[in-house]
Structure formats: C-alpha cells, structure tokens
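Below is one structure; the comments refer to it alone.
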Amino acid sequence: MQIKESGEGFAGIRRALRFLQKNKCYIGIPAANASRDSKGITNVELAFIHSKGSPRLRIPARPFLEPAIEQDAAQQQILRHMKAAAAAAADGNGGGARAELDKAGQAGENAAKDYIGSGNHAPNSGFTLTGGWMRNRISGKPFYAEPKTSAVPLIDTGSLRRSITHVIEEG
C-alpha cells in the first residue's frame, strides 16, 4: 500500500486500523481444547500450574506460551504476517487480511508447541521419571504416582501440546 496525495492512502490506513481493532488473534488453550485424556485436571489448569509453578506440590515454573512468542524468530514471523494483514485490510482485501491474521496465529501456535519440546525448562525430578509410592501432603494418604513416559518436562501424553491453538475473534 502506498499513500496517495488524494487522501485515499489515509482511508486505507483507517480501514487497516478498523480491521485490527475488530479482529483479534489469541494463542493458547481455549475451553474447547481444555479436556484431557486423564481424569481430574484440564489442559488449562495444567498449563497454569506449569506456567506459574506450585511450591506446595514442588513443581517448578515452566512457562511456555509467553517465552515462545517472545523469541525473536517467532516475533519476526508474527509481525510479518500482522503487517501483511494490515496492508491487505488497507487495500480493502478483508479475506486476505483474515488469512494473514490466521497465519500470524499459526506462527505463534507453532512457536509454543516447539518451545515445549525445546528442553528450555527445569528438568523433571528423579521421582517424576521413576514414579512410586508417596503420601498426599494434605491428607497424608498414600498413593502411587505413575512414572512419566518422557524425560522432557511438559511432555508425557502430549495432550497439553496438542491443545495449544489459535483463535481469530472477528468483531
């Protein structure tokens, strides 16, 4: 898009701004992807626990959404698609703008999924890897903890990683 002396360029800028104000792209775990194969905890709850950690349960913080999107490569890719969305909207191409916004969301989604497997997290404890009997810290009741299938933190069943997606909210 080039700004023309006739003022048409300013109309395009207004169209781009309106489009970006009305159309939002969210990356994360929507309610539709919250359920897990296992009982008791949802992917949203698990993501929160891993992102913030739980000193009481001795789980270190292992954030994965924000750090993934804050990486330079991910930011450059997302920004490239956001600029293309704005340019398409400025030119009056709403379909092209939405397609570029979708590509920006996909770039963020891929970055988050890749970051989970990157190994940039506090390692799993030995007990987490081997499993065994332990007592509930609140009730004192013994229970058996199954060993994890992967030594890489945040990857056991793959349910959390599969639940990450992007959603375009059109206004």
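Take each peptide in 52-64, 123-135, count the other Cβ atoms within 10 Å of every residue, and average; sorted highest first, the result is 52-64, 123-135.
Classified by the C-alpha gyration tensor, the stretch 70-116 has an oblate form. Its axis ratio a/c, with a ≥ b ≥ c, is 1.5 or above, and a/b does not exceed b/c. In this simple spin-label approximation, S118 and N93 carry label points 7 Å from Cα along the Cα→Cβ vector, and these lie 3.2 nm apart. Under 5 Å from the amide H of N23 lie the amide H atoms of G171, each residue being 5 or more positions distant or on a separate chain, with H modelled from the backbone and absent for Pro and chain starts.
Computing Cα Rg over 2.2 N^0.38 Å for the structure here picks out one of (1) 0.95; (2) 1.15; (3) 1.37, namely (3).
Readers should treat all values here as calculations from the given coordinates under stated rules, not as data from a laboratory. This is a predicted model, so every value here is computed, not measured. Methodologically, a virtual Cβ is constructed for each residue, glycine included, from the backbone with ideal geometry; neighbour enumeration extends over all protein chains shown.
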